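Asker: What follows is a single structure, and I will ask about it in a moment.
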Amino acid sequence: MRYKEIFISGTNTEVGKTFITLNIIKFLESKGTRVNPYKPVETGCKKKSSELIPHDSTLFYKAINKRIDLNQINPYRFVEPISPATAIKRSRRKIYIQNYSEKLKDLPSGDITLIEGAGGLCSPLASDGYNIDLIKKINAPTILVAKDEIGVINNVILSVNMLNKYKIKLLAIVLNRKANSQPVGMDNYKEIKTLCKTPLIQILNKQHHNQREFNKLIKLITA
């Protein structure tokens, strides 16, 4: 295994990070790779009795056949569907980037740990920092997920520049098309391909199984 830890971030929220992360987990596990999913904080959790149930983290938990305790996969949870930093503040708590880093070390041994952030690189993640601060803290190579829509080129370039500024290795850009149709003449894949040297993978998540595309992504992770 080439990398022990990989961070999956987005250019924004609702771009399909969880969909991409879940599929990577399933593909790796099907090849006999033991994956440790880690989502340090999740908001928008459902309250059941006295427990908060995280939606995304539960998907990861099931994808690895519940091999790791859900509390290790997702140690911090909040009900309100807002930014983690705001949820932390509203709960009158203090949770720092260092706390997320320490919880990461509690995961059992495995072949690879996939860490999913919340929102974009500069989305507030803790009381003292953003997603990119956690990435830098744990020194994890990153996969950037971007939603294939109008405006994505700007979002991708800004995110790539931010990663370069922080000297973080960018493994791949995943252009995730969630809509079935797009404006005539728009080809974000072709344009981004000419602007970035980073491997670019296009996922059509409403129409195809994307076996070949995910295999390309797995090769970048494991080669």
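Asker: Report yes if Thr58 is on the phi < 0 side of the Ramachandran plot, polar (S, T, N, Q) and in a loop (DSSP other than H, G, I, E, B), otherwise no.
Answerer: Criteria not met by Thr58.
Asker: Restricting to the range 74-116, what's the tally of residues that are under 22 Å from Phe19 (Cβ atoms) and polar (S, T, N, Q)?
Answerer: 3
One line per residue, one yes/no per condition, for (1) at pLDDT below 95; (2) touching a Leu at 6+ places or on another chain (Cβ under 7 Å); (3) surrounded by fewer than 21 Cβ atoms within 10 Å (Cβ to Cβ):
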{"position": "Ala118", "(1), (2), (3)": "no, yes, no"}
{"position": "Ser123", "(1), (2), (3)": "no, no, yes"}
{"position": "Thr142", "(1), (2), (3)": "no, yes, no"}
{"position": "Asn154", "(1), (2), (3)": "no, no, yes"}
{"position": "Ser159", "(1), (2), (3)": "no, yes, no"}
{"position": "Gly185", "(1), (2), (3)": "yes, no, yes"}
{"position": "Lys206", "(1), (2), (3)": "yes, no, yes"}
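Asker: Would you mention how many residues in the range 68-104 are touching a residue at least 60 places away in the same chain (Cβ under 8 Å) and not basic (Lys, Arg)?
Answerer: The total comes to 2.
Asker: Being hydroxyl-bearing (Ser, Thr, Tyr) and touching a strand residue (DSSP E or B) at 6+ places or on another chain (Cβ under 6 Å) is the filter; apply it to the range 187-204 and report the residue that is surrounded by the fewest Cβ atoms within 10 Å (Cβ to Cβ).
Answerer: It comes out as Tyr189.
Asker: Being in a helix (DSSP H, G or I), at negative phi and either within 17 Å of the chain's Cα centre (by Cα) or at pLDDT below 95 (or both), is that true of even one residue in the range 88-98?
Answerer: Yes, the range 88-98 has at least one match.
Asker: Of the numbered conditions (1) part of a helix (DSSP H, G or I); (2) loosely packed, with under 15 Cβ neighbours inside 10 Å; (3) aliphatic (A, V, I, L, M), Val79 satisfies every one except a single condition; which is it?
Answerer: (1)
Asker: List pairs: first residue in the range 27-40 and free of Cβ contacts under 8 Å to residues at least 40 places away in the same chain, second residue part of a strand (DSSP E or B) anywhere in the structure, Cβ distance under 7 angstrom, at least six positions apart or on different chains.
Answerer: From residues that are free of Cβ contacts under 8 Å to residues at least 40 places away in the same chain, the pairs are Glu29/Val35.
Asker: A further question follows. Going by the conditions given, is Ser91 surrounded by fewer than 17 Cβ atoms within 10 Å (Cβ to Cβ) and over 25 Å from Asn205 (Cα atoms)?
Answerer: yes
Yes or no, residue by residue, for (1) modelled with pLDDT of 95 or more; (2) assigned to a helix (DSSP H, G or I); (3) surrounded by fewer than 22 Cβ atoms within 10 Å (Cβ to Cβ); (4) not polar (S, T, N, Q):
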{"site": "Thr18", "(1), (2), (3), (4)": "yes, yes, yes, no"}
{"site": "Thr21", "(1), (2), (3), (4)": "yes, yes, no, no"}
{"site": "Lys26", "(1), (2), (3), (4)": "yes, yes, yes, yes"}
{"site": "Asn36", "(1), (2), (3), (4)": "yes, no, no, no"}
{"site": "Lys62", "(1), (2), (3), (4)": "yes, yes, yes, yes"}
{"site": "Ile68", "(1), (2), (3), (4)": "yes, no, yes, yes"}
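Asker: Any chance you could count how many residues in the range 99-113 are touching a helix residue (DSSP H, G or I) at 6+ places or on another chain (Cβ under 6 Å) and either crowded, with 19+ Cβ neighbours inside 10 Å or closer than 20 Å to Val174 by Cβ (or both)?
Answerer: Matching residues across the range 99-113 total 1.
The values are calculated or read from the model by the stated rules, or taken from the named source; none is laboratory data. None of the values given here were measured: they were computed from a predicted structure. FYI the Cβ positions are ideal-geometry reconstructions off the backbone, even for glycines, and counts take in every protein chain you see.
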